[in-house]
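K.L.:
Before I ask anything, let me first share the structure, which is written out below as structure tokens.
Here, each number is a calculation from the coordinates, and none is a lab measurement. Computed from a predicted model, the values in this text were never measured in an experiment. Here Cβ is always computed from backbone atoms with ideal geometry, including for glycine, and neighbour counts include all displayed protein chains.
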Amino acid sequence: MRYPLFHYRWTWMMRAGPMSLWPLVADTNRFNRDTGVPAVERLDVELANARQRLRLYRFGLPVEWDEEPFEWVRPFRFGVMRRYSEGPVASMRVLAELEPLPDGGTRLVYRVWARPRNALGVIAIPAQIGLLSGRRFDATFRRYGELASREGPVAGAPDSGSPTTAEPPPLQAPVDRLSPDARRYLLRLSDDLVARGAAPELVTRLVETIEHGDEMALSRMRAYALADAWGWPRREVLELCLLATRAGMLELGWNILCPLCRGAKESTSSLKDLPSRVHCGVCHIDMAVNFDRFVEVTFRPSRRLRASEIGEFCVGGPQLTPHIVAQQLLPPGATRTLTLPLEEGRYRLRTLAVPGGQLIAVASDGAPHADFRVSSDGWPDGEVRLARQPVLRYENATDGEQLFVLERMAWSDQATTAAEVTALQCFRDLFAGEALRPGQEISVGSLAVLFTDLRDSTRLYRQIGDAPAFGLVMDHFDVLRDAIAAEDGAIVKTIGDAVMAVFRRPIAAARAALQAQRRLADPGDGRRPLLLKAGIHYGPCIAVTLNDRLDYFGSTINIAARLAGLSSGSDVVLSSSVRDDPDVEAWVSEGGSGLRTEALEAALKGLDDERVTIWRVACCATPDAAGDDVDVPRG
């Protein structure tokens, strides 16, 4: 017997625009939780085109279904189809539409179609969806509308603009969610953070977030998202979160992300527990873990203060993959046309079942419409240039169903990667014991590596004695530490009176080295001036554990070490990869403070005596003496 299809439709008029509403309305994980849907579990079954087999329990009874991939066009509509194998419902389809209104508001329409499996479903669907869920939908969407009107658009994404991957701040309520004991403990920890030098206003904001923030948002806090929401410098908020973790207010997590869907596949509380490879069952790929992009650092309140919810209530909604601006499922031979707003930048259109993809550049002078056809032979070559509000026509010319995914190529700049945080002096000071498993090697992408060495340090010990010379060496370490930390770098290790440091950007390494040279050459207060030899190279590095500390190795490290030997102590020696960096190029071209550069050729001993072009950067005349480790032609 075929039972009738039930259809329900609800409409709300919202003051906020679609772009402000989207991060809330399209967060189906939060919405399901807020409307009383039990947590779901993923079953270990890999299905085609991101379909997933899921299960939840109602009244102690299992409800199991196959969920098709969500389809959406951000920020205007999203929907999903579910086919149940157990329970009184045979199938259910959900569709949400956000229609912009002339006054800047939104008409939100939410629709549900449900077909019963049996006579019990004929009774259950009107009672559960039509009555109980309908009331919860109304209360939840009204609350989201009020929040969106009060908060306004997410930073960087006005309603007249385009979608963004920025996150809204954790939702807060005036209710104190802490027990009296937990609140007293939290206030004691906050006093400790201020005593350690944290900004009182910043500590207050963090305390308020922990006290009143939504559990789901607090389970995965991004330091940069908090900074943007609070209007505070990102580095200060990140360092506060690291300090709060060490103090016991927060807990730190290392989340391994899939490079395609960018969902967290595994999470650990320590670097030593990171696997070298992981598998994404949704995208059907195995991947090597690397620090540069696929490991993200997030925070959550300490369990001693409050529990932060980590259950899943929906596994495929639009806000779980905010970098995907449109996702559409097309049967073989089908076509589909859609219009959507895009911000300028680079995108990729791909399908899960066909390798490769179509590269797209969005610019104000791009084409207003384009056709995209995928066949069993793959995608066309080249890059398509589109306008910011294009009309796109998809064609599935293959013999199978295809899930079309249009995604921004840029990763969210609100994510703090492992490569970035492990290159901070603050992290290395607070988490000196954090290291990989012995023998494990993980790529960290490209780093700027600085090596320094005091010139004539052996002579210094002979001239003034061991104790005074040792004091000067220790003071010079303090100068280096301050200059490196000021440029968001970190000292990896000291070797005698030499230092190895890493930075995410070449310009930061160059500025730090030059600043340290200036301070050591002219210390003031009658102290003895020192000459600091410095060399910088930029390139890929591998993270390892050495002497129970996080360290780096690779040819980039070897070259940087040898470049320091080229320095006279009054200049910083740069490799071509550093000198050619756009920020360094601009810095050198400006020539501030009498900055001058000189190009030379040098043979790097121990590296096949390869002759390379190097650059001396100095603020004063270079002494005649050069380093002893390389052959530097004169003139």
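K.L.:
Considering only DSSP beta bridges where both residues belong to the chain, give the percentage that are antiparallel (nearest 5).
P.N.:
So the antiparallel bridges amount to about 90 percent of the total.
K.L.:
Can you tell me the relative contact order of the chain? Whole percent, Cα pairs under 8 Å, sequence separation 6 or more.
P.N.:
10 percent
K.L.:
Assigning unit charges at the beta carbon (Lys, Arg +1; Asp, Glu -1) and nothing else, what dipole magnitude in debye, to the nearest 20, does the range 6-151 show about its Cα centre?
P.N.:
Rounded to the nearest 20 debye, it is 340 debye.
K.L.:
Going by amide H atoms built from the backbone, whose H comes under 5 Å of the H on residue 402, apart from near neighbours?
P.N.:
HN-HN under 5 Å from residue 402: 330.
K.L.:
If you don't mind, another one. Under a no-solvent Debye model with one identical scatterer per Cα of the range 431-618, what's log10 I(q)/I(0) at q = 0.12 Å⁻¹?
P.N.:
Here log10 of I(q) over I(0) equals -0.58.
K.L.:
Still on this model: Please go through the range 433-498 and write out the chymotrypsin sites (Phe, Trp or Tyr not before Pro) that DSSP classes as loop and that have at most 10 other C-beta atoms within 10 Å.
P.N.:
Answer in residue order: no site qualifies.
K.L.:
To continue, here is another question. In Å and whole numbers, how far do the C-alpha atoms of the range 322-408 stretch along each principal axis, longest first?
P.N.:
36, 23, 22
K.L.:
In straight Cα distance, which lysines are under 18 Å from residue 493, not counting same-chain residues fewer than 8 positions off?
P.N.:
Once the sequence-local lysines are set aside, what remains near residue 493 is 533.
K.L.:
Follow-up. Picking from 375, 335, 324, whose Cα lies most toward the positive end of the charge dipole for the range 322-408 (charges on Cβ: Lys, Arg +1; Asp, Glu -1)?
P.N.:
About the Cα centre, the residue reaching furthest to the positive side is 324.
K.L.:
Mind listing P(r) for the range 377-453? All alpha-carbon pairs, 5 Å bins, whole percents.
P.N.:
Each 5 Å bin holds this share of Cα pairs: 3, 8, 12, 15, 12, 8, 9, 10, 9, 9, 5, 1, 0.
K.L.:
Cα atoms only: what Rg and Dmax, in Å, come out for the chain?
P.N.:
Cα only, the chain: 28.8, 101 Å (Rg, Dmax).
K.L.:
Can you run phi through the Karplus equation (6.51, -1.76, 1.60; θ = phi - 60°) for the range 580-589 and list ³J(HN,Hα) in whole Hz, with x for Gly and Pro?
P.N.:
Values, residue by residue: 7, 4, x, 5, 5, 4, 5, 4, 5, 5 Hz.
K.L.:
Okay, moving on. What are the ³J(HN,Hα) values, in whole Hz, obtained from phi via the Karplus relation 6.51 cos²θ - 1.76 cosθ + 1.60 with θ = phi - 60°, for each residue of the range 41-46 in sequence order, with x given for Gly and Pro?
P.N.:
Along the range 41-46, the couplings run 10, 7, 8, 7, 9, 8 Hz.
K.L.:
Another one. Remind me, what semi-axes does the range 364-506 give for its equivalent ellipsoid, largest first in whole Å, using sqrt of 5 times each Cα gyration tensor eigenvalue?
P.N.:
Gyration-tensor ellipsoid for the range 364-506: 55, 17, 13 Å.
K.L.:
Going by the alpha-carbon gyration tensor, a ≥ b ≥ c the square roots of its eigenvalues, is the range 6-151 rounded (a/c under 1.5) or, if a/c is not under 1.5, prolate (a/b greater than b/c) versus oblate?
P.N.:
prolate
K.L.:
Can you give the translational diffusion coefficient of the range 227-319 in µm²/s, computed by Stokes-Einstein from the Kirkwood radius over Cα pairs at 25 °C and 0.890 mPa s?
P.N.:
163 µm²/s
K.L.:
For residue 605, which sequence-distant residues (separation of 5 or more, or a different chain) have an amide H within less than 5 Å of its own amide H, given hydrogens modelled in the peptide plane?
P.N.:
Counting only residues 5 or more places away or on other chains, the set is 631.
K.L.:
With n ≥ 4 as the cut-off for DSSP H runs, can you work out [θ] at 222 nm for the chain, using -39500 (n - 2.57) per run divided by the number of residues, rounded to the nearest 500?
P.N.:
Roughly -8000 deg cm²/dmol at 222 nm, from the helical runs in the chain.
K.L.:
Continuing with this model, one more query. Please list, ordered by chain and number, the residues whose modelled amide H lies under 5 Å from the amide H of residue 257; skip anything fewer than 5 residues away on the same chain.
P.N.:
Here 265, 295, 296 satisfy the definition.
K.L.:
Apply the Karplus parameterisation 6.51 cos²θ - 1.76 cosθ + 1.60, with θ equal to phi minus 60°, to every residue of the range 118-130 and state each ³J(HN,Hα) to the nearest whole Hz, in sequence, with x for glycine and proline.
P.N.:
Running phi through 6.51 cos²θ - 1.76 cosθ + 1.60 with θ = phi - 60° gives 8, 5, 4, x, 4, 7, 6, 4, x, 6, 7, 7, x Hz.
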